[in-house]
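J.: Pasting a structure here, questions to come.
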Amino acid sequence: MSFRISGRLVAALLTLPIIAVFTIPSAAIAATKKPNIVLILADDAGYADFSFQGSEVFQTPNIDRIAKSGTRFEQAYVSAAVCGPSRAGLITGKYQQRFGYEENNVPDYMSANGTTGDDMGLPLDEKTIADHLKPLGYHSAILGKWHLGNADRFHPLNRGFDEFYGFRGGARSYFPFDESNPNHHREDFLERGFGVFAETPKYFTDALTDEAVAFVQRNQDKPFFLYLSYTAVHAPMDALPEDLAAFPQLSGNRQKVAAMTRALDRGVGKLLDTLEKQRLIDNTLIVFTNDNGGPTDHNASNNYPLSGTKATHLEGGIRVPFVMQWPGQIPAKQTFSHPSSLLDLLPTFYSAAGGDSSNLEGIDGVNLIPYLTAKTTGKPHQSLYWKKENRAAIRDGDWKLLRFPDRPAELYNLVDDASENNNLARQYPEKVTALYKKLFQWELQLDRPKWQLKREFEGQAMERMDAFRKAKLPETSSNH
């Protein structure tokens, strides 16, 4: 039996809307689905130690891919100058001091007059990014460093995450631990899920990358949130021989941090390649950033042109590299020059996932997407704040005030002086007074710290800052 179709019928069929299905670009189809969200967090990296930040020695072509496909943030800040509190702010979208998470890492070196040890961690009534994304249909994983509490009640699987592979503490070897060594603690061992500890023979940066690739492959058919929390380039300065060999012109820790950065970039590239192979890249919001400024005096990182180092409120301690891509949603090859904060990640991710960020109560971050697409003009933040016991800082517009326990406050105009070399406090005493009062008004909103360092360590922090300023040398292309 055969059928004949008239030319008039064929013409009519060709006009039906269904034909549009064959002409819709893949990016447009992806835009109708909830986007995947990938947060890649480096650890203790230098502000200048990426080629997208201008380094000529540290070539990071894979991380550069994110910058070229999206937006680079010129003035991105963390909420704390050390790892744990910075992550507490990032994951809750709040200044961590609001819930008493003082700007100190957990759990070592603490005063006995307060919370100590395994009682220290992200308060259980605080919601994480994963908590917020779960009702929106997201499957979440954290791979790598947690550092928000060692006790079981603070475990990632009890904080909204569905998968965990990594360790609970703040730092560990990049090579396998000897499980019989009594100097190694449970929170430093690699853990899969909850309470299943097993070391890997792989270099840790590579192990985390392989886990990230496997996670994407397992979850490609549903929206996911992947928090890839690398330890690179945090101490110990462990590097692979083949990565060290790529930098024969360097030596010591500078060579090691370069090699560790090379492994980090290799991992990012492998993850991006997987997202492309699985045809997920056009529907994935990807962020690469760092948890605090580089500890230049410990791991030989480079914060040029910023002054200061990790654990200080100088720009080198709190301003970080930050790039974001989301094809078809935010512009490519864009530079965003206004101040932003890692506190903004939670509302940005929540909004991208289909939530209404205006319904998020008590957070300090803002949804960045309208600013990146020019739907909203102006600055995301007029003021940003930092506090660690008596030390504190405020950035208000272009002005920044630093408050210290052992000397007068300092004032800088960051537009003219990002390196914080020209203290203007004596020249503008009225500005010092106004910012001092505004900083104090913010502090009145905060909870009392749940824990504090032994006082001796605050003295060491001031000595560290003074040593940095005394030893500061002009930068040259050889170390940049």
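The values are calculated or read from the model by the stated rules, or taken from the named source; none is laboratory data. Keep in mind that what you see is a predicted model, and the values were worked out from it rather than measured. We place every Cβ from the backbone using ideal geometry, glycine too, and count neighbours over all the protein chains shown. When the accessible area is computed, the model is the full protein with side chains, heavy atoms only, and any ligands, DNA or RNA have been set aside. Shrake-Rupley method; radii C 1.70, N 1.55, O 1.52, S 1.80 Å.
J.: In the stretch 442-473, which residues are assigned to a helix (DSSP H, G or I) and of a type in the set (F, W, Y)? Before you say what the answer is, go through the steps one by one.
T.: The initial filter retains those residues of the stretch 442-473 that are assigned to a helix (DSSP H, G or I), namely 442-443, 455-471.
Matches in the stretch 442-473: W442, F457, F468.
J.: Which condition does E430 not pass, out of (1) among the charged types (D, E, K, R); (2) in a loop (DSSP other than H, G, I, E, B); (3) out of contact with any Pro (no Cβ under 7 Å at 6 or more places or on another chain); (4) farther than 25 Å from C83 by Cα, if it passes all the others?
T.: Of the numbered conditions (1) among the charged types (D, E, K, R); (2) in a loop (DSSP other than H, G, I, E, B); (3) out of contact with any Pro (no Cβ under 7 Å at 6 or more places or on another chain); (4) farther than 25 Å from C83 by Cα, the odd one out for E430 is (2).
J.: Regarding A235, is this residue under 17 Å from the mean Cα position of the chain (by Cα) and either surrounded by fewer than 24 Cβ atoms within 10 Å (Cβ to Cβ) or part of a loop (DSSP other than H, G, I, E, B) (or both)?
T.: no
J.: On the basis of being in contact with a helix residue (DSSP H, G or I) (Cβ under 7 Å, 6 or more places away or on another chain), open to solvent by 10 Å² or more (accessible area, probe 1.4 Å) and either more than 29 Å from F457 (Cα to Cα) or at pLDDT 95 or above (or both), does T335 make the cut? Please lay out each step first, then the result.
T.: Details: in contact with a helix residue (DSSP H, G or I) (Cβ under 7 Å, 6 or more places away or on another chain): no; open to solvent by 10 Å² or more (accessible area, probe 1.4 Å): yes; either more than 29 Å from F457 (Cα to Cα) or at pLDDT 95 or above (or both): yes.
It is false that T335 is in contact with a helix residue (DSSP H, G or I) (Cβ under 7 Å, 6 or more places away or on another chain), open to solvent by 10 Å² or more (accessible area, probe 1.4 Å) and either more than 29 Å from F457 (Cα to Cα) or at pLDDT 95 or above (or both).
J.: Moving to a separate point now. Six or more apart or on different chains, Cβ under 6 Å: which pairs go from a residue in the stretch 334-349 that's closer than 9 Å to P380 by Cα to one that's among the basic types (K, R) and open to solvent by 10 Å² or more (accessible area, probe 1.4 Å)? Could you list them?
T.: H338/K379
J.: Out of F52, F58, which single residue is surrounded by 22 or more Cβ atoms within 10 Å (Cβ to Cβ), at pLDDT 95 or above and of a type in the set (F, W, Y)?
T.: F58
Each row is one residue, and each column tells you yes or no for (1) farther than 30 Å from D466 by Cβ; (2) surrounded by fewer than 19 Cβ atoms within 10 Å (Cβ to Cβ).
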residue	(1), (2)
F349	yes, no
D364	yes, no
E389	no, yes
L401	no, no
D406	no, yes
R426	no, yes
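J.: Please go through (1) in a loop (DSSP other than H, G, I, E, B); (2) modelled with pLDDT of 95 or more; (3) over 19 Å from the mean Cα position of the chain (by Cα) for F3 and return the number of the only condition it doesn't satisfy.
T.: For F3, the exception is condition (2).
J.: Can I ask one more? Could we say that K94 is modelled with pLDDT under 95, surrounded by fewer than 23 Cβ atoms within 10 Å (Cβ to Cβ), over 28 Å from A258 (Cβ atoms) and charged (D, E, K, R) here? Before you say what the answer is, go through the steps one by one.
T.: Values: modelled with pLDDT under 95: no; surrounded by fewer than 23 Cβ atoms within 10 Å (Cβ to Cβ): yes; over 28 Å from A258 (Cβ atoms): yes; charged (D, E, K, R): yes.
It is false that K94 is modelled with pLDDT under 95, surrounded by fewer than 23 Cβ atoms within 10 Å (Cβ to Cβ), over 28 Å from A258 (Cβ atoms) and charged (D, E, K, R).
J.: Across the stretch 152-196, which residue is farthest from F224 (Cα to Cα) among those that are surrounded by fewer than 16 Cβ atoms within 10 Å (Cβ to Cβ) and among the hydroxyl-bearing types (S, T, Y)?
T.: Going through the qualifying residues, I end up with S180.
J.: Quick test for you: out of L414, L446, L453, L435, pick the one residue that is at pLDDT below 95 and among the aliphatic types (A, V, I, L, M). Reasoning before the result, please.
T.: Values: L414 fails: at pLDDT below 95; L446 fails: at pLDDT below 95; L435 fails: at pLDDT below 95.
When all the criteria are applied, what remains is L453.
J.: Let me ask you something else. Give, as residue ranges, the strands (runs of 3 or more DSSP E) completely inside the stretch 351-409 that count at least 1 residues that are without any contact (Cβ under 8 Å) to a residue 40 or more places away in the chain and within 16 Å of P339 (Cβ to Cβ).
T.: Because the criterion is at least 1 residues that are without any contact (Cβ under 8 Å) to a residue 40 or more places away in the chain and within 16 Å of P339 (Cβ to Cβ), the strands (runs of 3 or more DSSP E) in the stretch 351-409 that meet it are 399-403.
J.: Here is a follow-up. Of the numbered conditions (1) under 24 Å from T373 (Cβ atoms); (2) in contact (Cβ under 8 Å) with a residue 24 or more places away in the chain, E276 satisfies every one except a single condition; which is it?
T.: (2)
J.: Specify the residue that is farthest from W442 (Cα to Cα); the eligible residues are those in the stretch 408-417 that are surrounded by fewer than 16 Cβ atoms within 10 Å (Cβ to Cβ) and either in contact with a strand residue (DSSP E or B) (Cβ under 9 Å, 6 or more places away or on another chain) or of a type outside the set (D, E, K, R) (or both). First the steps, then the outcome.
T.: Let us first name the residues in the stretch 408-417 that are surrounded by fewer than 16 Cβ atoms within 10 Å (Cβ to Cβ), namely 408, 415-416.
Now drop any that are not either in contact with a strand residue (DSSP E or B) (Cβ under 9 Å, 6 or more places away or on another chain) or of a type outside the set (D, E, K, R) (or both), which leaves 408, 415.
Numbers: P408: 20, V415: 24 Å.
Top of the filtered list is V415.
J.: Still on this structure, please answer the following. For the stretch 205-226, give me each residue that is within 18 Å of the chain's Cα centre (by Cα) and either within 30 Å of A258 (Cβ to Cβ) or open to solvent by 10 Å² or more (accessible area, probe 1.4 Å) (or both).
T.: Across the stretch 205-226, the qualifying residues are T205, L208, T209, A212, L226.
J.: Looking at (1) over 14 Å from the mean Cα position of the chain (by Cα); (2) modelled with pLDDT of 95 or more, find the lone condition where D43 falls short.
T.: Here D43 meets the rest and fails (1).
J.: Against the conditions (1) β-branched (V, I, T); (2) more than 21 Å from the chain's Cα centre (by Cα); (3) closer than 19 Å to L41 by Cβ, where does I142 fall short? Just the number, please.
T.: (2)
J.: Still on this structure: Taking interchain pairs and intrachain pairs at least six residues apart, which have beta carbon atoms under 6 angstrom, with the first residue in the stretch 296-315 and in contact (Cβ under 8 Å) with a residue 60 or more places away in the chain and open to solvent by 20 Å² or more (accessible area, probe 1.4 Å) and the second among the hydroxyl-bearing types (S, T, Y) and in a loop (DSSP other than H, G, I, E, B)?
T.: Pairs that qualify, where the first residue is in contact (Cβ under 8 Å) with a residue 60 or more places away in the chain and open to solvent by 20 Å² or more (accessible area, probe 1.4 Å) and the partner is among the hydroxyl-bearing types (S, T, Y) and in a loop (DSSP other than H, G, I, E, B), are T296/T309; D297/T309; P305/S419.
J.: Something else: Having 1 or more residues that are aliphatic (A, V, I, L, M) is the bar; report the strands (runs of 3 or more DSSP E) wholly within the stretch 238-344 that clear it.
T.: Per the criteria, 284-290, 322-325.
J.: Regarding the stretch 171-186, can at least one residue be identified that is within 27 Å of G362 (Cα to Cα), touching a strand residue (DSSP E or B) at 6+ places or on another chain (Cβ under 8 Å) and either in a loop (DSSP other than H, G, I, E, B) or basic (K, R) (or both)?
T.: Checking the stretch 171-186: not a single residue is within 27 Å of G362 (Cα to Cα), touching a strand residue (DSSP E or B) at 6+ places or on another chain (Cβ under 8 Å) and either in a loop (DSSP other than H, G, I, E, B) or basic (K, R) (or both).
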